[in-house]
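In what follows, a structure is listed as structure tokens, so that the remarks can point back to it.
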Amino acid sequence: MIASVKSRQRIIDHGEVFTPAKLVNDMLDLVSHECERIDSRFLEPACGDGNFLAEVLRRKLINVDKKNARNRDKWERDAVLSVCSLYGIDLLADNIVACRDRLLRVVAEAHAARFNIPLPEDAVRAAAYILSKNVVQGDALTLRTSGDRPIVFPEWSPVNGTMLKRRDFAYDHLLETAHVSNMPLFSDSGKDVYVPRTVRDFPPCHYLRVPDAEAVHERP
Ligand SMILES: C[S@@+](CC[C@H](N)C(=O)[O-])C[C@H]1O[C@@H](n2cnc3c(N)ncnc32)[C@H](O)[C@@H]1O
């Protein structure tokens, strides 16, 4: 199996070896149903430039396409919701930039292929903002940022069609407490699960307005 690399030094310093596309696809085929579900959440720790996230997004957008081939508004909303479901962490700043750009490009290309026009500016802006929150520079082993603060991820939940509810969570206690680290992250059988620390809670807003909601929220 051949894996691609950027430089020998980056392999030595950061173990930066990228997973080949065939292996990414084989692994995602094991959870193919989840890859198609628009709201099914994925975290790629040590995401590099997003080999897994980009393929999950591509698969979600095939489903978005099937559901909304004739409705551009709904296609764009579901595409932004697909972006909301993807999370990444990497140590290296250039990988984070590359990952965000790549995911945005996956949406733009799927949109152009379906509708023959560019993704509208307000959808680009919303998706880019969401990616700036969901794909972050930090250490996936400590769940802390490069500035040594706890990594905070927003949970984006659709409300009433075009609205999004945002709640921010920190996960640092997951690693600090033996009791907590023994608990499952989710359960279908009613067991106690690990509940991350809520950091901020935003009122619902239109999905295209999420970049503005933060500024409104912070106003004194
Ligand atoms: C083996 S590559 C994998 C990249 C991608 N997930 C893939 O499968 O192609 C490893 C990546 O992990 C990053 N990395 C290494 N240690 C890390 C850590 N503790 N936290 C976050 N990222 C890390 C490196 O910067 C590099 O981009």
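Debye calculation, C-alpha points only, no solvent: report log10 I(q)/I(0) for region 1-103 at q = 0.12, 0.21 Å⁻¹, in the same order as the q values.
Once normalised to I(0) and log-transformed, intensities are -0.43, -1.08.
Can you tally the net charge around GLU36? Count Lys and Arg as +1, Asp and Glu as -1, for every other residue whose Cβ sits under 10 Å from the Cβ of GLU36.
Neighbour charge sum, excluding GLU36 itself: +3.
Quick one: net charge around ARG100, please, counting Lys, Arg +1 and Asp, Glu -1 for every other residue with C-beta under 12 Å from its C-beta.
After counting each charged neighbour, the total is -1.
For the chain, which whole percent of the accessible surface, found with a 1.4 angstrom probe, sits on carbon and sulfur atoms?
55 percent
So for the pair LEU30, PHE115, with labels modelled 7 Å out along Cα→Cβ, what separation do we get in nm?
With each label placed 7 Å out from Cα toward Cβ, I get 3.7 nm.
Which value, in debye to the nearest 20, gives the size of the charge dipole of the chain about its Cα centre, when Lys and Arg are +1 and Asp and Glu are -1 at the Cβ?
Here the size comes out at about 580 debye.
Mind ranking 78-91, 133-146 by how tightly packed they are, going by the mean number of other C-beta atoms within 10 angstrom, highest first?
78-91, 133-146
Quick one: if you stick a label point 7 Å off each Cα along the C-beta vector at VAL193 and ARG41, how many nm between them?
Going by the 7 Å Cα→Cβ label model, 0.8 nm.
Using only Cα atoms, what Kirkwood radius does the chain have, in angstroms?
18.5 Å
Output the DSSP H helices from the chain with an along-axis C-alpha extent of no less than 20 Å and a mean Kyte-Doolittle hydropathy no less than -1.0.
The answer, listed by residue number, is 51-68, 93-115.
What net charge is computed for the residues neighbouring LEU23, neighbours being all others with C-beta under 15 Å from the C-beta of LEU23, Lys and Arg scored +1, Asp and Glu -1?
So the environment of LEU23 carries a net charge of -3.
The values are calculated or read from the model by the stated rules, or taken from the named source; none is laboratory data. Quick caveat, the model's predicted, so the values are computed rather than measured. Note that each Cβ is placed from the backbone with ideal geometry, even for glycine, and that neighbours are counted across all protein chains shown. Side chains included, ligands, DNA and RNA excluded: accessible areas come from the protein's heavy atoms. Shrake-Rupley method; radii C 1.70, N 1.55, O 1.52, S 1.80 Å.
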